[in-house]
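Single-structure report; data block below.
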Amino acid sequence: MLWGPLPGAISNRARSYYKLNLSNDKLSGLKAKEFAIAKVDIVSDPSTSNETGVFETSHSFDNHRLVIQAAMDILPLALAVVPWGVLCGSLAVEAGLTPLQAQFMSLLVFAGAAQLAGISIIGAAGSLSSILMSTGVISARHLLYSAVLRDDIRPLSLAWRVALAFFLTDEMFAVTMAFKARYKVFSPLYSLLTGFLFYLVWNLATFAGIMAGKLLPDLQQLGLEFAIAATFIAIVVPQIRSFPVLGAVIASAVTALACQYFNINNGLVIATAVGMVSGFLVSLKGEDTWT
Amino acid sequence: MDIIWLTIVLMAGITFYCRYLFLANALTFKLGGPIKRMLQFAAPSVLTAMWVPIVFMSDEGQLTSGLDDPFLLAGIGTIALSLVTRKTIVVVGLGIGLFVAAKMVLGEI
């Protein structure tokens, strides 16, 4: 079953994201490490430019610079997700999807963790309802992202809202929040660009995986999870400028570790909720900032 | 329709629905004060819940205790870097460099 303990061969780090148990007959021909599908939605860092960015000082955005900024910010995250895209493509074919279906899964679903879970269930000849349930559980965190961005995106036209929703991933959310934190403004164009570039890379990686098939390079051994950790650290730590945020981060960190240590399912969701409530409770005592 | 095509389309529907729900105009309610304040802490909370286990949990599911773990060493180094400079790309680049260096020093590569 999903979200259960991973097979021993799988790195525990991988479990930080999406816990997938791919140990079914159909897939068991693959090397053990390939089961370590801890899918990673890698994140990038959004704010690479200096404090006094053009976005901050004027409301007439320089689109050219915005494009470059978006590309620079999403690039590390997009590169970090390449191995997972490759894995997704090759496992999909392995599980019995046609190459066209494997590609369309990335084109339409565009959710690494949900795709890998779905693929593993398809490979195990699981039921459609179990696939859809796992998709729902894994995708639930996106509800949170859309709630956070609601006030920024809702005034936009239908086309913008649909497009931004379609490209809303962990990575796009992270760089968007970092952009907002830095420039105190939400840029639909910036977010759309980061989302689209990430989409492009994800699908190219999937394509490579479909083509490569079983000739997978030893991607699991590279420690790619660390790229994700580094990016998230670079985004989160600078945001810790008040006691409520510090409280949220500490509470979320402790909860995430506890969930992992005691093998509690859905640790990501639980830790996020605990962090948010903790931040809120601390904020009731006043928004003390120290910078 | 092929069951796999159907699966893909339904999965796409679910993932899109989760991403779009709160952006829909049809949903007219206003998020209440406490909820809004909690949402301010969503980004740091969810990102922390993702990176902390990578840095502080060992492959065996134990808390990292030794200094022979490149994830722990480079993770602490990256945190220190992020306190010194706010340029994300510098932190990420040097952080990954630290990780590679730690692996080399520890003889893992």
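For peptide B:80-88, how many partner chain Cβ atoms fall within 10 Å of a residue's Cβ, on average? Per residue, the average neighbour count from other chains is 6. Of the residues B:Leu31, B:Leu21, B:Leu47, the one that moves most in a GNM of chain B with alpha-carbon contacts below 10 Å is B:Leu21. Relative protection proxy for A:86-94, A:186-194, from highest mean packing down: A:86-94, A:186-194 (other beta-carbon atoms within 10 angstrom). Fully extending the segment from B:Ile3 to B:Ile109, taken as 0.36 nm per residue of separation minus the present Cα-Cα distance, adds 33.7 nm.
Scaling the Cα radius of gyration of segment A:240-291 by the globular reference 2.2 N^0.38 Å produces a ratio of 1.20. The packing ranking of peptides A:69-82, A:111-124, B:63-76, highest mean first, is A:111-124, A:69-82, B:63-76, where packing means the average number of other beta carbon atoms within 10 angstrom of each residue. Taking every C-alpha pair closer than 8 Å and separated by at least 6 residues, the mean separation divided by the residue count of chain B gives a relative contact order of 16 percent. Structural descriptor for segment A:240-291: relative contact order 56 percent, calculated from alpha carbon pairs under 8 angstrom and at least 6 residues apart. Against the main long axis of the alpha-carbon atoms of chain B, helix B:3-20 sits at an angle near 90°.
Quick note: the coordinates plus some simple rules give every number you see, no bench work behind them. This one's a predicted model, so the numbers in the text were calculated from it and none came from an experiment. Positions of Cβ are backbone-derived with ideal geometry, glycine not excepted, and every protein chain shown enters the neighbour counts.
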